[in-house]
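The values are calculated or read from the model by the stated rules, or taken from the named source; none is laboratory data. Computed from a prediction, not measured in an experiment: that's the story for all the values here. Backbone-built Cβ (ideal geometry, glycine too); neighbour counts: all protein chains shown. Surface accessibility is based on the protein's heavy atoms, side chains included, excluding ligands, DNA and RNA. Shrake-Rupley method; radii C 1.70, N 1.55, O 1.52, S 1.80 Å.
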Amino acid sequence: QVRMMEFGGGSVQAGGSLRLSCAASGWTYDTACMGWFRQAPGKEREGVAAIYTGTGGGDSPYYADSVKGRFTISQDNAKNTVSLQMNSLKPEDTAMYFCAALGPGTPNYCYTYGGDSFRFNWWGQGTQVNVSP
């Protein structure tokens, strides 16, 4: 059974930084497209960033326009573990952040569809990020 576990989150003032991590356990594929999504109260869930965990995945991750240049998604040393470094945080980044995965995927598929939540099969419980003005 696949489990997605998120770590990190918390509260920070605008301009600050936070780091989220996600690990997929029980994963049966060698690779995955792993992504972060967020949902603020009263808003739809939106894609934030996604990365293919196989070779070449770091060359072309997906980013939402709203986070480009501020957020960085990366593969960690552990298999099927990714992190999201969030810098220059803004109050509008406040949301519940979810880690999700689809597999096995390809780098191009992950880059093209990494923001489409309906394509992702496995989800974590979410971790809250609060950014105060």
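Annotations
- Of all residues in the stretch 35-63, those that are out of contact with any Cys (no Cβ under 6 Å at 6 or more places or on another chain), hydrophobic (A, V, I, L, M, F, W, C) and under 12 Å from residue 110 (Cβ atoms) total 2.
- Subset of the stretch 117-131 [open to solvent by less than 50 Å² (accessible area, probe 1.4 Å) and either small (Gly, Ala, Ser) or under 15 Å from the mean Cα position of the chain (by Cα) (or both)]: 117, 120, 124, 126, 127, 129
- Flag if residue 23 is of a type in the set (Gly, Ala, Ser), assigned to a strand (DSSP E or B), in contact with a Ser or Thr (Cβ under 6 Å, 6 or more places away or on another chain) and modelled with pLDDT of 90 or more: yes
- Residues (surrounded by fewer than 19 Cβ atoms within 10 Å (Cβ to Cβ) and of a type in the set (Val, Ile, Thr)) located in the stretch 71-80: 72
- No other residue among 57, 47, 9 is modelled with pLDDT under 95 and farther than 14 Å from residue 130 by Cβ apart from 57.
- Residue check, residue 64 open to solvent by less than 50 Å² (accessible area, probe 1.4 Å) and touching a residue at least 60 places away in the same chain (Cβ under 8 Å): no
- Residues (acidic (Asp, Glu) and either surrounded by fewer than 17 Cβ atoms within 10 Å (Cβ to Cβ) or on the phi > 0 side of the Ramachandran plot (or both)) located in the stretch 4-59: 30, 44, 46, 59
- Close contacts from the stretch 104-128, counting a first residue that is free of Cβ contacts under 8 Å to residues at least 40 places away in the same chain and a second that is open to solvent by 20 Å² or more (accessible area, probe 1.4 Å) and of a type in the set (S, T, N, Q), with Cβ to Cβ under 7 Å and a gap of 6+ residues or different chains, come to none at all.
- Restricting the first member to the stretch 81-103 and to residues that are open to solvent by less than 10 Å² (accessible area, probe 1.4 Å), and the second to residues that are in a strand (DSSP E or B) and acidic (Asp, Glu), the beta-carbon pairs closer than 6 Å and six or more apart or on different chains are 99/6.
- Residue count, the stretch 50-82 (criterion: under 18 Å from residue 122 (Cα atoms) and charged (D, E, K, R)): 1
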